[in-house]
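The values are calculated or read from the model by the stated rules, or taken from the named source; none is laboratory data. These figures come from a predicted structure and were not determined experimentally. Heads up, the Cβs are rebuilt from the backbone with ideal geometry, glycines too, and the neighbour counts pull from every protein chain shown. Surface areas here come from the heavy atoms of the whole protein model, side chains and all, with no ligands, DNA or RNA. Shrake-Rupley method; radii C 1.70, N 1.55, O 1.52, S 1.80 Å.
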Amino acid sequence: MTSAEFKKKIAEGIPAELPELKSYDQNINHAPKRKDILDNTEKRLAIKNALRYFPEKFHQLLAKEFAGELLAYGRIYMYRFRPDYDIKARHIEDFPYRTRSAAAIMLMISNNLDSIVAQHPHELITYGGNGAVFQNWAQYRLTMKYLSEMTDEQTLVIYSGHPLGLFPSSIDAPRLVVTNGMVIPNYSSQDHWEKFNALGVSQYGQMTAGSYMYIGPQGIVHGTTITLLNAARMKMKSKGRSGLKLFVSSGLGGMSGAQPKAAKIAGIISVIAEVNRKALNTRHSQGWVDEVYSDLNALVTRVKRAVSGSDVVSFAYEGNIVDIWEKFADEKIHIDLGSDQTSLHNPWSGGYYPAGLSFEESNEMMSKDPAKFKDAVRISLRRQVEAINKHSLQGTYFFDYGNAFLLEASRAGADVMKSNGEFRYPSYVQDIMGPMCFDYGFGPFRWVCCSNEPADLEVTDKIAIGTLEKLIKESPDQIKQQMDDNIRWIKEAGKNNLVVGSQARILYADAEGRMEIAAAFNSAIAKGRVSAPIVIGRDHHDVSGTDSPYRETSNIYDGSKFTADMAVQNVIGDSFRGATWVSLHNGGGVGWGEVINGGFGMVLEGTPETEIKLRRMLHWDVSNGIARRSWARNKEAMFTLKREMEKTQELKVTVPYIADDEIIEKALKEVGSGS
Ligand SMILES: NC(=O)c1ccc[n+]([C@@H]2O[C@H](COP(=O)([O-])OP(=O)(O)OC[C@H]3O[C@@H](n4cnc5c(N)ncnc54)[C@H](O)[C@@H]3O)[C@@H](O)[C@H]2O)c1
């Protein structure tokens with residue numbers, strides 16, 4: 001297809017003539033059949049809703065087709081309308097546009113749906129089993145059409161994948177505002193999601209799926225490397241040990257697939273269990289995991305040999321994680337670090353596969369007999385925790401990896417609680433990411449080169465290294481380690497071949513680091529050192545972007561971790577400080593109803609106006625969370641805020657006075673309360 005033909009296709013939107021019906025490609029990793037949640041009246045409503053996108057003359061034919069999809073898959077994806085061209089990141093100039101910002105957004109959407117990037121590309125799912133870009137192909141087509149024709153005086157509004165339309169705004173407004181899964185709080189259970197999604201009126205946008213900011217598994221390789229490095233440092237310090245050998249976890253999917261690669265970069269042997277052969281093969285063929293075993297005894301022999309030697313190697317086990325925890329306990333294999341990255345934010349429809357059932361048996365049971373499947377998941381979680389507890393007694397450091405493992409295990413009645421009502425194991429944010437990164441403002445800054453050229457990415461890597469090396473000279477001791485880890489990371493990033501999809505990079509930086517790197521990119525674009533605009537953004541797993549009591553804000557201890565003011569304020573603040581697009585989501589990471597998160601994208605055009613915007617917006621995008629974390633009395637955040645207020649005159653934040661616990665105890669005693 002020529003470039004002109006491609007542009008014409010994008011601008012066409014929903015075609016005037018029906019495209020050919022598509023066959024169901026068995027070689028693609030498809031989303032599992034979703035639960036049959038709608039009653040007969042609601043099924044009619046779902047079909048009527050889907051038909052809204054098409055002229056009446058097609059309704060008879062499409063109604064039958066959509067009814068069939070609803071029956072077969074539990075959703076209406078409108079497969080017929082999946083385009084014939086390859087969906088992937090291209091040079092920004094390959095997209096049709098009237099404002100370049102819109103072309104950059106099209107590039108980012110295309111990357112999220114690229115078949116080498118997306119988990120279930122035909123169901124428009126980027127990662128996490130249900131992290132959707134759109135609910136159906138009509139929404140994709142219509143959105144791309146709107147973007148191709150919008151001007152700098154319009155804003156596109158997207159409700160959970162549905163493009164509501166273009167509305168007049170101004171050049172300073174965001175070009176796009178996205179909300180995903182925003183529902184009235186009382187209607188935010190897992191089944192509500194199933195129902196609203198099946199009706200075609202809401203979707204789970206995860207974090208970077210429905211906000212068009214996914215950059216393949218690289219993002220999570222970085223986060224996982226930092227987490228494993230710091231977990232190992234922490235354990236070595238507490239045990240006075242010098243070397244750590246073995247990490248055990250599960251999942252080789254969208255995000256979890258990063259674990260073996262990250263462990264290798266961190267110098268640790270890993271064993272990762274994966275029940276889905278397709279997901280496992282993808283990671284193996286990409287070279288992200290070294291050796292594959294489906295025989296437990298053979299794996300045990302090989303792992304024992306590896307831990308007694310000096311090779312750092314990564315193993316995939318084709319099977320259930322519960323079998324690994326149990327077998328390794330029987331075989332007395334010492335596990336230093338342990339976690340879990342099954343998709344437990346989505347426990348009942350394919351996020352977690354119970355032990356004792358094959359992958360195929362589970363898939364069948366979850367749609368045919370959901371109640372029995374739920375029981376099997378609960379039993380499996382109890383078994384898994386029992387085995388983990390045995391290892392923990394032998395010194396394994398187990399942490400929840402932000403996938404709602406502890407939450408769902410506790411709901412399943414697993415022995416995972418302490419007597420004081422807290423979880424027996426920490427979340428990785430409580431112990432590691434919170435105090436070491438977020439409270440100092442360090443979070444997942446990322447960028448995408450809109451030329452789609454590796455050469456541009458190489459230039460930006462060098463710019464980022466130079467900027468951080470300059471900043472570290474003036475950094476206080478408290479953040480030198482974080483700076484150093486990220487300088488090392490970015491120096492190695494090119495060599496580690498991390499790019500899958502768009503020419504993207506990620507590193508962790510604080511407000512100053514993010515602003516200085518972005519400003520240096522902007523200047524490089526202006527000077528022609530970088531050949532096209534750059535999109536900057538972040539994932540939502542960050543300082544300010546996410547309120548999630550069991551993950552990003554699990555180290556907030558003033559009782560406010562169940563509030564979501566920070567995440568909502570963040571998006572509003574980003575939108576009027578210069579973001580090109582913003583998004584706000586219910587769900588993401590730990591599950592529907594469990595988290596509110598938001599993000600932004602900003603197109604750097606190499607202009608002076610962009611420099612003003614990027615400084616204004618990035619400063620807020622980090623300071624908001626620092627101020628909240630400081631108000632929650634987190635001492636690292638109080639330190640960071642004080643430093644920032646000394647630098648920035650206009651920043652005036654309310655800081656807490658710290659009450660002495662003894663005074664409170666005495667006061668309660670005196671009034672005869674609180675005993
Ligand atoms: N910690 C973080 O920074 C972070 C970041 C992103 C995602 N997450 C969370 O991690 C989880 C995984 O994300 P993902 O994108 O990899 O999801 P995914 O669905 O792509 O991958 C999970 C994989 O686990 C496998 N699996 C499920 N049950 C299993 C079992 N019992 N034994 C072995 N394998 C099993 C599935 O087949 C699947 O391939 C999600 O809950 C996600 O929200 C955490």
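Quick look at the numbers
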read-out	value
The chain: antiparallel DSSP beta bridges as a percent of all, rounded to 5	55
Virtual spin-label span in nm between Ile116 and Lys57, 7 Å along Cα→Cβ	4.1
Potential extension, Ile28-Ala4 segment - 0.36 nm per residue separation minus Cα distance	5.8 nm
Ala11 paired with Gln569, simple spin-label distance in nm, labels 7 Å along Cα-to-beta-carbon	4.5
Sites Arg277 and Thr41, calculated FRET efficiency, Cβ-Cβ separation with R0 30 Å, nearest 0.05	0.15
Three-way shape call for region 517-649 based on the alpha-carbon gyration tensor, with the a/c threshold at 1.5	oblate
Nearest-0.05 FRET efficiency for Val655 and Ala520, computed from C-beta distance (R0 30 Å)	0.40
For region 10-30 versus region 258-279, the gap between their alpha-carbon centres in whole angstrom	34
Global geometry of the chain, whether rounded, prolate or oblate, following the gyration tensor of its Cα atoms and the 1.5 cut on a/c	rounded
Potential lengthening between Phe562 and Asp477 on full extension [0.36 nm per residue; Cα-Cα distance subtracted]	27.4 nm
Alpha-carbon centroids, region 326-376 and region 418-435: separation in whole Å	23
Heavy-atom accessible area order for Asp191, Asp456, largest first, 1.4 Å probe	Asp191, Asp456
Where Met234, Met108 fall by accessible area, highest first, once all protein chains stay in place (1.4 Å)	Met234, Met108
Separation of alpha-carbon centers, region 478-539 and region 577-602, rounded to whole Å	21
Gain in span if fully extended, Asp94 to Leu393, counting 0.36 nm per residue against the direct Cα distance	101.9 nm
Inter-site label distance for Tyr85 and Arg616 at 7 Å from Cα along Cβ, in nm	3.5
Contact order relative to length of region 304-444, as percent, for alpha carbon pairs under 8 angstrom and 6 or more apart	24
For peptides 258-268, 592-602, sequence by mean Cβ density within 10 Å, most packed first	592-602, 258-268
Percent RCO, i.e. relative contact order, over the chain, from Cα pairs under 8 Å lying at least 6 residues apart	13
Length-normalised contact order for region 50-131 - Cα pairs under 8 Å, 6+ apart - percent	18
Most to least accessible of Tyr508, Tyr24 (protein chains only, probe 1.4 Å)	Tyr24, Tyr508
Under 17 Å from Lys304, Cα to Cα: aspartates and glutamates that are on another chain or at least 8 residues apart	Asp290, Glu291, Asp295, Asp323, Glu326, Asp330, Glu331, Asp336
Cβ-Cβ FRET estimate between Ser531 and Asp369, R0 fixed at 51 Å, reported to 0.05	0.35
